[in-house]
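The values are calculated or read from the model by the stated rules, or taken from the named source; none is laboratory data. This is a predicted model, so every value here is computed, not measured. Ideal geometry is used to build each Cβ from the backbone, glycine not excepted, and the neighbour counts take in all protein chains shown. Quick note on the areas: whole protein, heavy atoms, side chains included, nothing else; ligands and nucleic acids left out. Shrake-Rupley method; radii C 1.70, N 1.55, O 1.52, S 1.80 Å.
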Amino acid sequence: MVTLKDVGELAGVTATTASAALRGKDYVKPETTQRVRDAARKLGYKINLSGRSLRSGRSDTITFLTSGLEGDYFSHLAMCVAEEVHKRDSHMLIELSRYLTDDNDLSYTFSDGIIAINAPRAVDILKRHPAVMLENYDTSLPIDTVNAPSDAGSRAAIEHLIARGCARIGIVGDNHDPNNPNIIPGSRDIRMRAAKETILAAGLPFDERRDFIKSSWSIDGGIEAGRGLAKKGKCKYDGLYCLNDGIALGILRGLADDGVSVPGDVRVIGFDGLSQSMYSVPTLTTVATDFKGALTLLMRRIENLDDEFFPQTVNVGYKLIERESTAA
């Protein structure tokens with residue numbers, strides 16, 4: 001069996017330096033790292049993950065926990081997390097919470113920590129492990145939380161439409177019943193409220209019963225809503241803010257089906273920054289978000305297991321990416 005000592009000898013370094021180089025530690029010179037990796041490749045050396053885990057007490061594995069990967073948003077988030085995990089020379093598991101119970105949590109035991117979204121059934125498990133929840137608005141949970149900039153991003157979206165000359169703005173999406181005290185408002189409710197407030201603050205008309213266009217949280221829902229808005233090649237709005245990019249992409253299709261031009265007749269903006277928004281016709285203006293900070297928050301928990309931290313709630317940053325759908 002080829003050992004780290006063998007790799008180090010071929011590369012002209014100690015076994016300790018060889019180990020650090022193979023783990024991508026930044027204090028090893030790049031030329032040394034390359035020499036060690038070349039030696040490992042030549043000798044056919046494979047890292048013993050189970051042995052390394054026993055020595056370090058960590059598996060260098062993060063679990064991304066979600067109720068499912070249906071829909072572009074969840075796969076988008078999974079890819080963002082995977083990219084950051086890979087940069088740290090670690091590995092990511094994807095687990096579906098719908099198939100797990102408290103008695104069936106082997107992946108949690110194996111992983112160093114968990115990043116969870118839309119996984120209410122797993123809350124009790126998350127409390128017992130280093131964990132970060134994405135898009136959690138239940139402030140009673142003692143778990144670190146990273147949320148989208150739904151308020152600030154929505155205000156920026158409406159302000160952008162107004163700056164482009166839009167005077168009759170509709171909001172497209174779905175939200176919970178704001179009058180139901182048993183439902184905790186989520187990101188879609190925050191986006192709706194912030195957009196409405198910004199429209200009214202600008203002195204523009206907005207009647208929620210008329211100007212909040214209901215759509216399911218999907219591309220198909222957006223297509224249906226777009227077709228409903230388009231009447232004989234016309235739309236009564238000159239600006240539409242969609243509460244997510246999936247809806248916005250559907251709106252573009254639905255309006256086009258009945259001859260409504262974007263951005264000629266109506267300007268459209270979405271929220272989330274999905275990669276698909278770069279390839280639609282027209283390309284979609286969107287409020288892009290960055291959830292990479294979730295891993296930084298999680299690593300603080302993992303690397304300081306004996307320290308006590310108060311649960312934190314962080315809103316990530318955003319960038320309004322202007323594309324063809326709101327062009328002047």
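With both residues required to sit in the chain, DSSP beta bridges show an antiparallel share near 10%. For ALA82, the shell of other residues with beta-carbons less than 12 Å away shows a net charge of +1, using +1 for Lys and Arg and -1 for Asp and Glu. Between the exposed loop cleavage positions of the chain, defined as chymotrypsin sites (Phe, Trp or Tyr not before Pro) in a non-H, G, I, E, B DSSP state with at most 12 neighbouring beta-carbon atoms within 10 angstrom, the longest gap is 28-278.
Among the listed pairs LYS42/LYS292; LYS196/LYS319; LYS196/LYS232; LYS232/LYS319; LYS42/LYS87, a Cα-Cα separation exceeding 30 Å is found for LYS42/LYS292; LYS232/LYS319. Around the amide H of GLY239, modelled in the peptide plane, lie the amide H atoms of ARG168, GLY170, ARG267, all under 5 Å away and 5 or more residues distant in sequence or on another chain.
Here the chain has 52 percent of its accessible surface on carbon and sulfur atoms, given a 1.4 Å probe and all protein chains in place. Residues whose amide H falls under 5 Å from that of THR145, counting only those 5 or more places apart or on a different chain, are MET133, GLN312, THR313, VAL314, with hydrogens built in the peptide plane.
Between rounded, prolate and oblate, where does the chain land on the alpha carbon gyration tensor, with a ≥ b ≥ c its root eigenvalues, rounded for a/c under 1.5, else prolate if a/b exceeds b/c? Since a/c reaches 1.5 and a/b is larger than b/c, the shape of the chain is classed as prolate. Give the calculated FRET efficiency between THR296 and LEU69 to the nearest 0.05, with a Förster radius of 30 Å applied to their Cβ-Cβ distance. The pair THR296/LEU69 has a calculated efficiency of 0.80. Calculated accessible area for the range 200-265 comes out at 48 Å² per residue, all protein chains present (probe 1.4 Å; ligands, DNA, RNA ignored). Amide H to amide H distances under 5 Å link SER218 with ILE247, where only residues 5 or more positions off or on other chains count and H is placed in the peptide plane. Full extension of the segment from LYS127 to THR139, taken as 0.36 nm per residue of separation minus the current Cα-Cα distance, would add 2.9 nm. Label-to-label distance for ASP257 and GLN34 is 5.5 nm, based on points extended 7 Å past Cα in the beta-carbon direction. Modelled label positions at GLU208 and THR16, each set 7 Å beyond Cα in the direction of Cβ, lie 6.4 nm from each other.
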